[in-house]
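The values are calculated or read from the model by the stated rules, or taken from the named source; none is laboratory data. In this text the structure is predicted, and so the values were computed from the model without any measurement. Positions of Cβ are backbone-derived with ideal geometry, glycine not excepted, and every protein chain shown enters the neighbour counts.
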Amino acid sequence: MLQSGMITMEHGSGGQATGELIGEVFASAFDSEVLNRMEDSAVVPGSGRIAVTTDSFVVTPLVFRGGDIGRLCVCGTVNDLLMRGAVPRYITCGFILEEGLEISLLGQVVKSLAQTAREAGVEVIAGDTKVVEGNGGLYINTTGVGFVPEGVDIAAANAKAGDAILVSGTMGDHHAAILAERLQIQTEIESDCAPLGEMVRGLVEGGIRVRTLRDITRGGLGTVLKELAEASGKCFVLEESAIPVSAAVRDFCGLLGLDPLYMGNEGKLAAVVPAEQAGEALEILRRSPYGSGAAVIGRVEEASENAKAGELLMKTPLGGVRKLTILQGEGLPRIC
C-alpha cells in the first residue's frame, strides 16, 4: 500500500509501481465509471457545438492560501470553457511527477482536484502520468470539453457601443497570495481560485444578453480589457474608483509597488452586457458566493477622435484619464 514515501523513477516504468500509484492515488480519488474502464481513450455522449480547451499548470508553491495546483487546474480549465458560454462536462489530466515528490502531497492534490471537479460539475474521464528526474516538483496538463447551448454567442469581438463592463469581484487576489507565499510575508490574503459556472449559468439562464466574458488571469484586468477592446474595435472606458480591490491587496501593492490592474486572479470574470441589463446582471453575479463583490466598472464607447478603436482608458478620481495597455514583460512567473 502506498501510504507515504517519495515518487521514484520506478513509478513511471509502466510496471507494478505505476499500477499501484494509479490505483491508489488517482483512480480512488476520481472513481469515474468511464475512467475505471482504463481504456486508451474515453467514449462519452455529446452533441451540438463543442468547446475544447487545453492548459498546463506549473504554479509555485504547489499549495497556497486558498487552494493548490489541483484546485487551480480544474478552475482554470472549466473557466476557459465557461467564457464562451459552454457547459463544462469533461476534463482530462496529465501529471508530470518529479522524483522526490512526496506521495502524501500528490494524494492531497489529487483529492483536491477531484473535489473541485465535482463542485464544477465536470467528470475526469482520462489521464496520464509520467515521472522525470527532478527535485520533487509536479506539473499538470488538462484538456476540457464542454457543450455550447443553442443560441448562445459569447465572443471577444461582440462588445457594442453603450454596453456596460462588469467584474465579479476584487482584483489581484491570486497573484498577491502566491507572491506573499514566495516572499514569506505574513498576510491574510487568499487566492480567489474558484469555478465560475454558477455565475455564467445565472447570466445565460437569466436572459442577460451577454456579449463577452473573459476570466481575469495572467496579465490582470488591464491586459484582459485591452485585448477585448482591440477585438471589438471599440474603446473601453473605466472608472478607477469603481474597480474593486480589497484593502489587504491594496496595502500589499502599496508595500511592493504593484498595480492591481495587472495582477492575476483565478476566480474572477469580466463581462460586457447591454447597459439596460447591467443592474440585473450585477444582481445575478452577487448571488454567487464567488461574485459577492461584483461591480459595474465602465462602459464601451464607439471609436472617436478622443477615444480611438482598441483603446482602454481609465478615468481617475482626480479627473484625469490614464491610457492602459497590456502588461509589459513578465508580471510574476508560475502563478498558474
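Of note:
- Residues being over 17 Å from GLY279 (Cβ atoms) and either in contact with a Ser or Thr (Cβ under 8 Å, 6 or more places away or on another chain) or in contact (Cβ under 8 Å) with a residue 12 or more places away in the chain (or both) - total across segment 292-309: 7
- Search result, residues across segment 284-336 that are basic (Lys, Arg) and under 30 Å from GLU198 (Cβ atoms): ARG286, ARG287, ARG299, ARG334
- Of all residue pairs spaced 6 or more apart or on separate chains, those with beta-carbon atoms under 6 Å, a first member in segment 320-336 that is under 16 Å from HIS174 (Cα atoms) and not assigned by TED's automatic domain parsing to the domain that holds PRO260 and a second member that is surrounded by fewer than 18 Cβ atoms within 10 Å (Cβ to Cβ) and modelled with pLDDT of 90 or more are ARG334/VAL58; ARG334/THR60.
- Selection count where residues are small (Gly, Ala, Ser), modelled with pLDDT of 95 or more and buried (at least 20 other Cβ atoms within 10 Å of the Cβ), scope segment 115-135: 2
- Residue match in segment 259-267 (condition: surrounded by fewer than 19 Cβ atoms within 10 Å (Cβ to Cβ), under 29 Å from ALA120 (Cβ atoms) and small (Gly, Ala, Ser)): no
- Residue in segment 70-84 that is among the small types (Gly, Ala, Ser), outside any strand (DSSP E or B) and on the phi > 0 side of the Ramachandran plot present: no
- Residue match in segment 136-144 (condition: of a type in the set (Val, Ile, Thr), modelled with pLDDT of 95 or more and farther than 30 Å from GLU20 by Cβ): no
- Matching residues in segment 202-216 - criterion: being assigned to a helix (DSSP H, G or I), in contact (Cβ under 8 Å) with a residue 60 or more places away in the chain and not small (Gly, Ala, Ser): LEU203, VAL204
Condition check ((1) without any contact (Cβ under 8 Å) to a residue 12 or more places away in the chain; (2) out of contact with any helix residue (DSSP H, G or I) (no Cβ under 8 Å at 6 or more places or on another chain)) across all residues:
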position	(1), (2)
GLN16	yes, yes
ALA27	yes, no
LEU35	no, no
SER47	no, yes
ILE69	no, no
GLY76	no, yes
LEU82	no, no
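- Of residues in segment 182-201 being out of contact with any Asp or Glu (no Cβ under 9 Å at 6 or more places or on another chain) and surrounded by 18 or more Cβ atoms within 10 Å (Cβ to Cβ), the one farthest from PRO274 (Cα to Cα): GLU198
- Lone qualifier among ASP80, ASP55 - being over 20 Å from GLY291 (Cα atoms) and either at pLDDT below 95 or of a type in the set (D, E, K, R) (or both): ASP55
- Candidates GLY162, GLY151, filtered to the one that is touching a residue at least 12 places away in the same chain (Cβ under 8 Å) and either assigned to a loop (DSSP other than H, G, I, E, B) or within 15 Å of GLY293 (Cα to Cα) (or both): GLY162
- Among (1) in the same structural domain as LEU82 (by TED's automatic domain parsing); (2) touching a Lys or Arg at 6+ places or on another chain (Cβ under 9 Å); (3) of a type in the set (Gly, Ala, Ser); (4) at negative phi, the one test that GLY121 misses: (4)
- In segment 95-103, the count of residues that are out of contact with any Lys or Arg (no Cβ under 8 Å at 6 or more places or on another chain), surrounded by 20 or more Cβ atoms within 10 Å (Cβ to Cβ) and in a strand (DSSP E or B) is zero.
- Filtered residues of segment 296-311 (kept if surrounded by 18 or more Cβ atoms within 10 Å (Cβ to Cβ) and out of contact with any Asp or Glu (no Cβ under 8 Å at 6 or more places or on another chain)): VAL296, GLU301, GLU311
- Qualifying residue in segment 3-12 (condition: in a loop (DSSP other than H, G, I, E, B) and at pLDDT below 80): yes
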